[in-house]
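J.: I'd like to ask you about the structure that follows.
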Amino acid sequence: MRILAFICCLLPLSLSAQEKKGERTCRVLFLGAAASDPETLFLHDGTAATEVELPRMNLSKVYEVPSGAITLRMLTAAPAKDQPVPAGAPSATVAETVGDFYLVLSPDPTNKTVPVRMQIIDATAERFKAGQMQWFNLTPNDVAGTVGKQKLVLKARSKVITDAPASAVEPYHVSLNFRIPGKEANYPLCETQWNHDPAARTLLFVINEGGSRTPRVLGFPDHRTTSGKNP
């Protein structure tokens, strides 16, 4: 699944200012990982390496990273003192203007150094607010329907931020359909109830899974406070 190739096309980095200089944070997600993929790796920020968890079904804990323009790399082990980072290690650039962010990984068996791809999703509070939902459609199918009190139209391989689907801590109805390229019919994607948390921002990915025509929706709430820390 070439998940990050799609995300990369959808995500020009925001030019929002950092919340507070020197207090940049990130949370990590390993999207589409198999049981054989690593559960931890080392995140190198150009100066130091930190061992980070690679959760599949939730966001990691909050990690602090340096401010300014940096290049992140994933490694299988922290490099020895005064030794260079291994050639071919996967990397992602974080612009100086990006504040808090999500680091999304996906499998990359073609990389023999560390078999992952990396992508940055800007989580600066001014552009992705508490209660909002950020959707990424990583499939060739158009998706549409209702999410709580609003409509969702999500074109193939596109992204959109939607406002809070409800006004309080409460359940809300979700009804989504998808359309296969070249066909006129709409097919059901999901019909369910989700619970709204006004304090959380939520990342949602529409993905294809092998052996199934129907896409899958994966949601990851972020309950960080405005300072970027866990509550």
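J.: Taking Leu218 and the conditions (1) closer than 26 Å to Pro55 by Cβ; (2) touching a residue at least 60 places away in the same chain (Cβ under 8 Å); (3) open to solvent by less than 40 Å² (accessible area, probe 1.4 Å); (4) touching a Pro at 6+ places or on another chain (Cβ under 9 Å), which numbered condition does it fall short on, given that it satisfies the others?
T.: Against the list (1) closer than 26 Å to Pro55 by Cβ; (2) touching a residue at least 60 places away in the same chain (Cβ under 8 Å); (3) open to solvent by less than 40 Å² (accessible area, probe 1.4 Å); (4) touching a Pro at 6+ places or on another chain (Cβ under 9 Å), Leu218 comes up short only on (4).
J.: Please list, ordered by first then second residue, the pairs with beta carbon atoms under 9 Å, 6 or more apart or interchain, first in segment 33-47 and free of Cβ contacts under 8 Å to residues at least 24 places away in the same chain, second assigned to a loop (DSSP other than H, G, I, E, B) and open to solvent by less than 40 Å² (accessible area, probe 1.4 Å).
T.: What qualifies is Glu39/Ala33; Glu39/Leu54; Glu39/Pro55; Thr40/Leu54.
J.: Counting only residues that are crowded, with 19+ Cβ neighbours inside 10 Å and assigned to a strand (DSSP E or B), which one in segment 132-144 is farthest from the chain's Cα centre (by Cα)?
T.: Going through the qualifying residues, I end up with Val143.
J.: How many of the residues in segment 169-182 are of a type in the set (Phe, Trp, Tyr) and surrounded by fewer than 12 Cβ atoms within 10 Å (Cβ to Cβ)?
T.: Total satisfying the criteria: 0.
J.: Could you pull out the residue among Ala185, Ala166 that is buried (at least 17 other Cβ atoms within 10 Å of the Cβ) and not acidic (Asp, Glu)?
T.: The match here is Ala166.
J.: While we're here: Across segment 145-163, what is the total count of residues that are open to solvent by 40 Å² or more (accessible area, probe 1.4 Å) and assigned to a strand (DSSP E or B)?
T.: Count: 7.
J.: Mind checking which pairs have a first residue in segment 171-197 that is farther than 19 Å from Arg157 by Cα and acidic (Asp, Glu) and a second that is open to solvent by 50 Å² or more (accessible area, probe 1.4 Å) and not in a loop (DSSP other than H, G, I, E, B), Cβ under 9 Å, 6 or more apart or different chains?
T.: Sorted first by the residue in segment 171-197, then by its partner, the pairs are Glu191/His173; Asp197/Pro221.
J.: Given the conditions (1) modelled with pLDDT of 95 or more; (2) within 20 Å of Thr110 (Cα to Cα); (3) surrounded by fewer than 16 Cβ atoms within 10 Å (Cβ to Cβ), which single one is not true for Leu41?
T.: (3)
J.: Let me ask another. Are any of the residues in segment 113-131 small (Gly, Ala, Ser) and either touching a Pro at 6+ places or on another chain (Cβ under 9 Å) or part of a strand (DSSP E or B) (or both)?
T.: yes
J.: Among Glu53, Glu96, which is the only one that is more than 15 Å from the chain's Cα centre (by Cα) and acidic (Asp, Glu)?
T.: Glu96
J.: Checking Asn195 against (1) modelled with pLDDT of 95 or more; (2) surrounded by 13 or more Cβ atoms within 10 Å (Cβ to Cβ), only one condition comes out false. Which one?
T.: Condition not satisfied by Asn195: (2).
J.: Let me ask another. Of Thr97, Thr93, Thr110, Thr71, which residue is modelled with pLDDT under 95, open to solvent by 40 Å² or more (accessible area, probe 1.4 Å), at negative phi and among the hydroxyl-bearing types (Ser, Thr, Tyr)?
T.: Thr97
The values are calculated or read from the model by the stated rules, or taken from the named source; none is laboratory data. It should be emphasised that the depicted structure is a prediction, and the values quoted were computed from it without experimental measurement. We place every Cβ from the backbone using ideal geometry, glycine too, and count neighbours over all the protein chains shown. Side chains included, ligands, DNA and RNA excluded: accessible areas come from the protein's heavy atoms. Shrake-Rupley method; radii C 1.70, N 1.55, O 1.52, S 1.80 Å.
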